[in-house]
Structures are given as C-alpha cells and as structure tokens.
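Written below as structure tokens is the structure these notes are about.
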Amino acid sequence: MQLDQIFSPSVQHTLDVIGIFVFAISGALLAVRKNFDVFGMAVLAEVTALGGGLLRDLIIGAVPPAAFTDLGFFVTPLLATVVVFFLHPHVERIQAAVLVFDAAGLGLFCVTGTTKAYSHGLGLTASATLGLATAVGGGVLRDVLANEVPSLLRWDRDLYAVPAIVGATMVVLCIRFDALTSLTSGLAAATAFVLRLLAMKFHWRAPRAWNRRSTVTEE
Amino acid sequence: MQLDQIFSPSVQHTLDVIGIFVFAISGALLAVRKNFDVFGMAVLAEVTALGGGLLRDLIIGAVPPAAFTDLGFFVTPLLATVVVFFLHPHVERIQAAVLVFDAAGLGLFCVTGTTKAYSHGLGLTASATLGLATAVGGGVLRDVLANEVPSLLRWDRDLYAVPAIVGATMVVLCIRFDALTSLTSGLAAATAFVLRLLAMKFHWRAPRAWNRRSTVTEE
Amino acid sequence: MQLDQIFSPSVQHTLDVIGIFVFAISGALLAVRKNFDVFGMAVLAEVTALGGGLLRDLIIGAVPPAAFTDLGFFVTPLLATVVVFFLHPHVERIQAAVLVFDAAGLGLFCVTGTTKAYSHGLGLTASATLGLATAVGGGVLRDVLANEVPSLLRWDRDLYAVPAIVGATMVVLCIRFDALTSLTSGLAAATAFVLRLLAMKFHWRAPRAWNRRSTVTEE
C-alpha cells in the first residue's frame with residue numbers, strides 16, 4: 001500500500017488533478033467539435049478524465065472507485081467544461097499546449113495506474129497493462145461515446161500507446177528490481193511524456209499489417 | 001440500508017419493474033429502427049432497461065448486481081421485446097405515450113439510484129451522480145451498441161439529463177437535511193418527471209458552447 | 001467451486017487458451033480491415049478474446065478477473081496478433097477455418113461462462129445469461145471499439161447468439177437435474193458448436209419484427 005505513496009500524498013493529488021484537468025479539456029473540446037450541448041461537454045469531460053482510472057479500479061476491486069470518493073476528482077472536469085464553454089476558441093488556439101499537457105497526463109497516469117494496480121496485489125504484467133489502461137482508457141471511452149473510431153487504434157495518429165507502455169514497463173521493472181522511488185517513478189513518467197512529445201513532433205507511427213505484405217489489395 | 005426502503009418493498013419493486021419495462025420498450029424500438037433481428041431487440045431491451053443500474057451496482061460494489069439476482073428484472077425486458085415484436089407499429093403510433101412512460105422511468109430511477117448509492121456509503125455528490133448515471137446510463141449504452149451518437153449528448157434533443165440532475169439533487173438535499181421520506185422522494189421523482197414532460201412540450205434545449213461566441217466558424 | 005473443475009484443470013485451461021486464441025484472431029483481422037496499426041490490432045485482439053470473461057468476472061465479483069491473473073490468457077492474444085500481422089493474407093484465405101474455430105470458442109465459452117457464474121452463487125437464469133455474455137461479449141466490445149454495428153445484433157448475419165443460448169441452457173438444465181459432468185458439459189459445448197456451424201452453412205437467420213407486419217413502410 002505504501003507503493004501508492006511514492007510521491008507525498010499532496011504532491012500525488014496535485015499531479016492527479018492536473019492530469020484529470022487536461023484530459024477533461026480534450027473531452028470537452030471533442031464535445032464542442034461534435035456539436036454536443038453543455039451537458040454533453042460535461043459528460044465527455046468526466047468520462048475522458050476519470051474513465052481510465054474507473055476501469056482500473058473496477059478491475060482491481062477498489063470500489064467505490066476514487067472517481068466517486070474524491071470530490072476534487074469529480075469537480076475538476078466540470079471546471080474544465082466551464083473553461084472550454086466560455087473560452088473554447090482560445091483553447092483551440094492553444095491546442096498545441098493542450099497536447100503537451102495531455103502528454104503529461106499520459107505519462108503521469110501510466111505510472112500511477114501501474115503502481116496502484118500492483119499495490120492491490122496484481123502481477124507485474126497485469127499491473128503494467130492496467131497502467132496502460134488507466135492512461136488511455138478515458139480517451140477510448142471518450143471516442144466511443146462520441147461515436148468515433150478511437151484515435152488510439154488509428155494508424156494515422158502519432159504514437160500514443162507506446163509511450164505509456166514504455167512508462168508502465170519502466171515502473172514494473174523498478175518494482176521487480178526493488179528500485180521504485182519517487183525519483184525512478186518521476187523518471188518513468190518523464191520518459192513517457194518526452195516520448196509522446198517526440199512522437200508528435202516527428203509524427204512517429206506504428207506499422208500496419210499490410211505494409212509488410214506486397215500484392216494483397218485491400219481498399 | 002433502510003434508505004433503500006423509503007417506499008415499501010413491494011411498491012418499490014413495482015415501480016422498478018414499470019421503469020424497466022418502459023426503458024426496454026425504447027431499446028426494442030430502436031432495434032427495430034436499426035433493422036436488428038429479434039435477438040438484437042432483446043439485447044438492446046435488456047441493456048437499455050438494466051444497463052444504468054448495472055453500472056451503478058458495479059461502481060458501488062453491489063455484486064452480483066440486482067439485474068442478475070432479480071428474475072423479474074431480467075424477464076421484464078423480454079416481455080417488452082415480445083410486445084414490440086408483434087405490435088411495433090402500434091407502439092410507434094403511441095410513441096408519445098412511450099415517451100411519457102420513459103419520463104416516468106427517468107424520474108423514478110434518478111431517485112432510487114441516488115438512494116441506493118447513498119445507502120452503500122457514497123458521499124452526497126457521488127450519490128447524485130450515480131442517480132443520474134442510473135437514470136441515463138441504459139440509454140447511453142443502448143445508443144453506443146446501436147452505433148449512434150448518444151441522444152443524451154446531442155444538442156438537438158430536448159433536455160434529458162437536467163430533469164434527472166434536479167431529481168437526484170433534491171434527493172441528496174433531503175438526505176442532507178434529514179428529510180428523506182417516501183413523500184419527499186416521490187416529490188423528487190415527480191419533479192424530474194414533470195420537468196422532462198415540459199422539456200419535451202416546449203423543446204427546451206441546453207446551450208452549445210459556440211452560441212456564446214461570435215465570429216468563430218465551425219462547419 | 002468444484003463446478004469449475006468439471007474438466008481437469010489442465011484440459012480446461014488448454015480449451016480456454018484455444019478459445020482465446022481464435023477469438024483474438026477475429027479481433028486482429030477486424031483491426032486489419034479497419035486499417036488500424038499493430039497496437040490497435042493487439043488491443044482489439046485482447047478485447048475480443050478476454051472482454052466477455054472480463055465482463056462476467058466483474059458482474060459476479062471475481063476480481064481481479066482471470067484475464068489479469070493468468071499470464072497465459074494475456075499473452076495468447078499477443079501471439080494471435082503476431083500471427084495476423086505477418087500472415088494476415090493467409091489467415092484471410094483460411095477465413096472458413098477461422099470461423100470454425102470461432103464456433104468452437106463460442107461453444108466452449110458459453111459452457112464455461114455459465115458454470116463459473118453458477119459456481120459463484122448466481123441463479124440458473126442469471127448463470128445462463130452470463131454464459132451467453134461470456135461467449136458473445138468480446139465480439140460485441142470488438143465491434144463497438146471498431147465503431148461498427150455489432151454483428152451480434154444485425155439481422156443479416158447468420159445466427160450467433162442462439163447456439164450459445166442453447167448451450168448455456170443445456171448446462172443450467174444439467175445443473176438443475178444434477179447431471180452436470182464433463183460428458184454433459186462437452187455435449188452442451190458440442191451442440192452449440194454444431195448449431196453455429198449449421199447456421200453458417202445454411203445461413204439461418206432470426207426474424208425481424210416488421211416481417212410480421214404488412215403495410216407499415218420503413219425505409
């Protein structure tokens with residue numbers, strides 16, 4: 001259980017709230033683009049920000065999930081909704097900045113998700129998988145609710161899962177070799193963060209199956 | 001736990017079954033419109049009727065969920081499927097009546113969902129949120145399975161979430177001020193019900209973000 | 001709990017892994033058709049193979065779910081992803097064979113899902129329902145993530161739910177009459193398997209509601 005406290009509780013909570021806020025911004029922005037009303041914006045903001053952690057908590061049996069026990073976690077996406085509601089053209093304009101924060105959220109959530117899963121008794125592989133699910137699950141739920149193909153799965157989007165996989169893997173390796181400290185955790189989060197920034201800058205993409213094949217025609 | 005029994009158990013159960021039936025009708029009707037077969041109708045009826053409560057029960061840790069322990073809850077959507085299967089043109093014709101019943105289900109479920117969540121130890125805000133989720137969750141799952149944009153999120157639909165939010169908020173205020181009785185619960189359900197009817201009659205809608213802005217062009 | 005062991009544990013595990021593998025193949029193939037990258041293939045393979053059992057385990061309260069405690073269950077879909085990644089034109093060519101294996105997975109999962117739910121204390125109807133959910137849930141999640149109408153619900157697809165319903169019903173009848181052995185379980189799985197093969201061969205389909213009506217026009 002101490003694993004949950006590799007950062008001091010207040011630092012951890014502040015980081016979580018920041019991650020929740022930036023994910024919520026991305027949800028509210030998609031709602032604006034999809035022509036949803038203000039309640040649709042709030043729903044999408046909440047789901048994007050809290051969905052990954054909710055999924056993780058249900059799977060590890062940590063009920064009620066943190067999303068429903070921490071008032072700050074619940075209110076933060078509503079604040080993000082208000083910001084986007086009144087300022088969305090400005091938020092759109094600083095889209096690049098939003099993506100940087102989103103990358104920060106990705107790095108942070110893959111680390112805290114992995115740590116929380118492990119502290120609830122899951123194995124190393126399962127913990128890393130749940131770290132990944134924590135980081136990307138909210139975005140997938142957001143896209144499913146908005147009736148879009150999840151951008152996580154699309155080949156024409158810059159790498160998103162890989163940075164989170166790397167971060168989560170670093171955490172379980174640290175756990176395995178008894179080297180998980182706030183320093184190494186921070187390093188794992190920073191690695192995922194930087195990898196995601198590089199993926200956006202250089203448009204890194206993952207291969208599709210058929211690029212490997214030659215003559216098969218698929219439209 | 002007594003909170004669950006603000007209505008007498010048999011009255012409560014009858015109200016639940018009525019709510020389940022009308023939600024199931026809406027699911028089966030959408031299945032007909034989407035050209036699904038009879039099994040698709042049954043699946044959509046079950047998911048619409050029981051999905052919101054299932055989600056709530058998973059989150060508050062009430063497993064197995066009521067949907068799987070109460071045979072009446074399971075059979076009712078199948079009855080609704082049979083009704084729609086044989087009578088769907090008639091059911092379509094009385095669509096207005098169906099919507100009235102759906103509004104009744106909305107009012108009822110937001111109250112019972114909030115109460116059940118609170119009786120399982122959640123806070124007031126979380127309880128109201130889960131009351132809302134109970135009331136609207138089934139409809140969202142229905143639309144996701146049918147590959148439609150959830151009507152809950154669309155700006156061009158009459159207010160649906162707001163009546164449920166008002167009803168759930170009334171319940172938690174009653175709990176807060178120690179005034180939750182079958183009378184006040186009924187009042188909260190009735191308020192949500194009437195608000196939804198008014199929203200349909202006068203086509204109340206929630207604002208979209210960009211109505212607030214002027215010169216930004218979005219297609 | 002012994003109900004879980006109607007097959008010897010190692011036989012049971014081998015059958016589970018085979019079922020997981022063939023479901024994963026179907027997920028990875030859909031990912032290829034949807035133009036997803038290799039990570040999208042892996043996600044869809046995992047979700048298709050493990051989603052039904054995950055849903056069942058969350059509902060019966062068996063957390064953490066088997067999908068996260070058995071490393072073999074997790075790795076198998078990754079192997080299927082590798083196979084499809086390098087060999088997908090070949091896999092497409094043997095699509096008929098894949099469908100046969102998928103039918104085998106369907107038969108197996110409806111039996112083991114029903115048995116596991118019953119051994120966790122659910123009633124007969126609920127157990128059969130969860131057996132069905134185990135067998136078809138992964139495919140529904142796969143289609144939802146791929147932003148397609150679930151093929152389970154479409155009338156223009158050969159019967160898929162009915163064979164699983166028959167298999168699950170046979171299992172609960174055996175439980176009811178105290179006749180559940182590895183033989184009768186195998187028989188139930190085989191029945192579902194053969195029914196699905198026949199449904200594919202003869203293009204059995206379920207009726208849609210409006211075929212029953214005459215003059216109503218629906219586009």
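Pairing each residue of segment A:53-66 that is facing chain C (nearest Cβ under 10 Å) with any residue that is of a type in the set (Asp, Glu) and open to solvent by less than 10 Å² (accessible area, probe 1.4 Å), provided the two are 6+ apart or on different chains, yields C-beta distances under 8 Å for A:Val63/A:Asp57. Exactly one residue out of A:Phe85, A:Phe74, A:Phe23 is open to solvent by 30 Å² or more (accessible area, probe 1.4 Å) and either assigned to a helix (DSSP H, G or I) or within 14 Å of chain B (Cβ to nearest Cβ) (or both), and it is A:Phe74. All conditions but one from (1) at pLDDT 95 or above; (2) facing chain A (nearest Cβ under 7 Å) apply to B:Gly131; the one that does not is (2). The residue of segment C:139-163 that is nearest to the chain's Cα centre (by Cα), among those that are crowded, with 24+ Cβ neighbours inside 10 Å and more than 10 Å from every other protein chain (Cβ to nearest Cβ), is C:Gly139. State whether the residues of segment B:125-138 include one that is over 21 Å from A:Val144 (Cβ atoms), free of Cβ contacts under 8 Å to residues at least 60 places away in the same chain, open to solvent by 40 Å² or more (accessible area, probe 1.4 Å) and not in a loop (DSSP other than H, G, I, E, B). Yes, that holds for at least one residue. Residue check: is A:Leu180 over 23 Å from B:Asn147 (Cβ atoms), out of contact with any Phe, Trp or Tyr (no Cβ under 7 Å at 6 or more places or on another chain), modelled with pLDDT under 95 and open to solvent by less than 40 Å² (accessible area, probe 1.4 Å)? So A:Leu180 fits the description; yes. Might you check whether a residue that is in contact with a strand residue (DSSP E or B) (Cβ under 8 Å, 6 or more places away or on another chain), in contact (Cβ under 8 Å) with a residue 12 or more places away in the chain, of a type outside the set (S, T, N, Q) and in a loop (DSSP other than H, G, I, E, B) occurs anywhere in segment B:154-173? Within segment B:154-173, one or more residues are in contact with a strand residue (DSSP E or B) (Cβ under 8 Å, 6 or more places away or on another chain), in contact (Cβ under 8 Å) with a residue 12 or more places away in the chain, of a type outside the set (S, T, N, Q) and in a loop (DSSP other than H, G, I, E, B).
Residues in segment C:88-124 that are part of a helix (DSSP H, G or I) and β-branched (Val, Ile, Thr): C:Val91, C:Val98, C:Val100, C:Val111, C:Thr112, C:Thr114, C:Thr115.
Taking (1) open to solvent by 10 Å² or more (accessible area, probe 1.4 Å); (2) at pLDDT below 95 in turn, A:Leu173 satisfies each apart from (2). In the list C:Ala28, C:Ala103, C:Ala62, which residue meets the criterion of being at pLDDT below 95 and out of contact with any Lys or Arg (no Cβ under 9 Å at 6 or more places or on another chain)? Only one candidate qualifies: C:Ala28. Condition check for C:Ser182 on (1) within 13 Å of chain B (Cβ to nearest Cβ); (2) more than 19 Å from C:Ile60 (Cβ to Cβ); (3) not aliphatic (A, V, I, L, M): one failure, at (1). When segment A:102-124 is filtered for residues that are within 13 Å of the chain's Cα centre (by Cα) and either open to solvent by 10 Å² or more (accessible area, probe 1.4 Å) or charged (D, E, K, R) (or both), the ones remaining, listed by number, are A:Asp102, A:Ala104, A:Leu108, A:Phe109, A:Thr112.
Quick one: which residue in B:Val32, B:Val47, B:Val43 is aliphatic (A, V, I, L, M), within 14 Å of chain C (Cβ to nearest Cβ), assigned to a helix (DSSP H, G or I) and open to solvent by less than 30 Å² (accessible area, probe 1.4 Å)?
Numbers: B:Val47 fails: open to solvent by less than 30 Å² (accessible area, probe 1.4 Å); B:Val43 fails: open to solvent by less than 30 Å² (accessible area, probe 1.4 Å).
Residue meeting the stated conditions: B:Val32.
The values are calculated or read from the model by the stated rules, or taken from the named source; none is laboratory data. Predicted model, so just to flag it, every value in this text is computed and none were measured. All Cβ positions, glycine included, derive from the backbone under ideal geometry; neighbour counts span all protein chains shown. Calculation scope for accessible area: heavy atoms of the full protein, side chains included, ligands and nucleic acids excluded. Shrake-Rupley method; radii C 1.70, N 1.55, O 1.52, S 1.80 Å.
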